[in-house]
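To start, the structure under review is shown below, and the notes come after it.
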Amino acid sequence: MESTKEIGSLILIGTGLIVILVLILLFLVVFYQIYVMKMKKKEAELLLKTSLESEKQERKRIAADIHDGVSGDLNAIRNFLSVLYKTETSEEKRALYDDIRIGVEAAIENTRLVSYKLMPPLLETSGFLITLQDYFSRLNSKTNACFTVNTDEELIDLSNEVSYEVFRVIQEL
């Protein structure tokens, strides 16, 4: 009878240990899954941040290339046209040079706008609020819309990364 009680006690203790081990194992599996999910989330955030930063740098580079390269070439063409215009006596050719000059000046303005839209220089030099006000004044001058910025200047203190992304969102809107 005592051996039956001992066997029953051993079975009860063994079952209890197995239940405890299973619970510990389940806890470890859940803990590991949570850890893996956190690591994947951090990795995704880092990848997104890196992607946004590289996009910003590429936009900056392209804007500088357009501004320095294409605009410089177009300004040189405009200067050559001015020289040709001054030396030309034929009214027909002078009118043609005027038309070409107007086209080149439009192209210069377009490259300036594209360069500005890719990476507004004011954003890094003057800050978010001034850049936004400048952007709205440009929009107001070219459209019938009326955009204004109403804010308490002390409240707008954004990092460069955040201000760049918010400005991009506003441009998209």
Q: Find, among the GluC sites (Glu not before Pro) in the stretch 86-173, those assigned to loop by DSSP (not H, G, I, E, B) with at most 11 other beta-carbon atoms within 10 angstrom.
A: none
(Q) Helix-only estimate, please: 222 nm mean residue ellipticity of the chain, summing -39500 (n - 2.57) across DSSP H runs of length 4 or more and dividing by its residues, to the nearest 500. (A) -29000 deg cm²/dmol
Q. In nm, to one decimal, how far is the PHE136 label point from the ALA64 one, both placed 7 Å along Cα→Cβ?
A. 3.1
Q. Just going by the charge dipole of the stretch 80-130, with Lys and Arg at +1 and Asp and Glu at -1 on Cβ, which of LEU96, LEU123, TYR85 is farthest out on the positive end?
A. LEU123
Q. Ignoring any ligand, DNA or RNA, what whole percent of the accessible area of the stretch 92-152 comes from carbon and sulfur when the probe is 1.4 angstrom?
A. 55
Q. Within the stretch 7-85, how many lysine pairs that are 8 or more places apart, or on different chains, have C-alpha atoms less than 18 Å apart?
A. 4
(Q) Rounded to the nearest percent, how much of the accessible area of the stretch 1-52 (1.4 Å probe, protein heavy atoms only) is carbon and sulfur? (A) 78
Q) Roughly how many Å² is the accessible area per residue of the stretch 1-108, as a whole number, for a 1.4 Å probe? A) 83
Q. So how much slack lies between ALA145 and SER9, counting 0.36 nm per residue of separation and subtracting their Cα-Cα distance, in nm?
A. 40.5 nm
Q) Among (i) 33.8, 130; (ii) 20.4, 76; (iii) 22.0, 79, which one is Rg and Dmax of the Cα atoms in Å computed from these coordinates? A) (i)
Q: For helix 91-118, report the angle its Cα long axis makes with the longest principal axis of the Cα atoms of the chain; keep it between 0 and 90° and round to the nearest 10°.
A: 20
Q. What FRET efficiency, computed as 1/(1 + (r/R0)^6) with R0 = 30 Å and r the Cβ-Cβ distance, is obtained for LEU173 and ALA107, rounded to the nearest 0.05?
A. 0.60
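The values are calculated or read from the model by the stated rules, or taken from the named source; none is laboratory data. As the structure is a prediction and not an experimental result, all values here were calculated from the model. Because the Cβ atoms are built from the backbone with ideal geometry, glycine has one as well, and the counts that use them run over all protein chains shown. Side chains are part of the model used for accessible areas, which takes the heavy atoms of the whole protein and leaves out ligands, DNA and RNA. Shrake-Rupley method; radii C 1.70, N 1.55, O 1.52, S 1.80 Å.
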